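Notes follow the structure.
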């Protein structure tokens with residue numbers, strides 16, 4: 001499978017918190033690679049990776065970091081590929097510090113930022129798929145089917161809940 005998405009994180013301890021991004025990519029059959037590199041401890045490596053990403057076949061980059069969380073911005077400064085930032089939850093402020101560091105980019109260097117937590121990581125993977133689907137009709141079909149499955153899933157949960165509550169068994173209008 002061709003790797004189209006690069007996932008980088010500031011520390012290997014971030015992986016359990018962001019692996020839902022990879023799981024989302026896998027569910028759509030999108031290839032990816034994973035690396036640990038730091039905006040502060042390995043800045044040259046980050047810059048080199050970002051500059052070479054397009055030539056290496058990558059089309060979207062996902063960067064996850066906690067605390068100061070400058071990784072996504074550093075990556076974005078060195079590439080014109082779309083960059084999605086995942087603010088990693090931290091013990092200090094629950095990830096609010098990561099969120100603010102990731103989302104507050106200066107004008108002209110955008111980073112798409114998802115929410116804190118496993119839902120945010122999953123959304124990063126899905127957002128990468130949406131970006132790739134702009135030029136891939138087969139991937140767009142998978143996204144459409146995914147969205148339809150969400151509708152069916154929620155309808156089934158609604159019906160099951162109403163069945164379990166006396167007086168709520170009737171069909172919702």
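No value in this document is a laboratory result; all are computed from the given coordinates. Just so it is clear, the structure is predicted and the values come from calculations on it, not from any experiment. Positions of Cβ are backbone-derived with ideal geometry, glycine not excepted, and every protein chain shown enters the neighbour counts.
Tabulated results
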| quantity | calculated |
| --- | --- |
| Packing-based exposure ordering (other Cβ within 10 Å, fewest first) of 165, 109, 126, 84 | 165, 109, 126, 84 |
| Mean residue ellipticity (222 nm) of the chain, computed from DSSP H runs ≥ 4 via -39,500 (n - 2.57), nearest 500 | -15000 deg cm²/dmol |
| Nearest-ten-degree value, helix 137-164 long axis tilted from longest Cα axis of the chain | 40 degrees |
| Gaussian network model of the chain, springs between alpha carbon atoms under 10 Å - residue of 25, 161, 139 with greatest fluctuation | 161 |
| GNM top mover of 54, 162, 41 - the chain, alpha-carbon springs below 10 Å | 162 |
| Descending semi-axes in Å of the range 1-99, equivalent ellipsoid built from Cα gyration tensor | 21, 17, 10 |
| R0 of 25 Å, Cβ-Cβ distance residue 144-residue 51: FRET efficiency to nearest 0.05 | 0.15 |
| Fewest-first sequence of 78, 35 by Cβ atoms within 10 Å of each Cβ | 35, 78 |
| 153, 19 arranged by Cβ crowding within 10 Å, fewest neighbours leading | 153, 19 |
| Taking all pairs of distinct alpha-carbon atoms in the chain, Kirkwood radius in angstrom | 17.1 Å |
| Global geometry of the range 47-99, whether rounded, prolate or oblate, following the gyration tensor of its Cα atoms and the 1.5 cut on a/c | prolate |
| Estimated FRET transfer efficiency when R0 is 35 angstrom, pair residue 35-residue 100 (beta carbons, to 0.05) | 0.90 |
| Whole-number Å³ per residue for the convex hull built on Cα positions in the range 84-173 | 156 Å³ |
| Highest-fluctuation residue, 24, 68, 91 considered, GNM on the chain with Cα pairs under 10 Å | 91 |
| The chain: relative contact order in percent, alpha carbon pairs under 8 Å with at least 6 residues between | 22 percent |
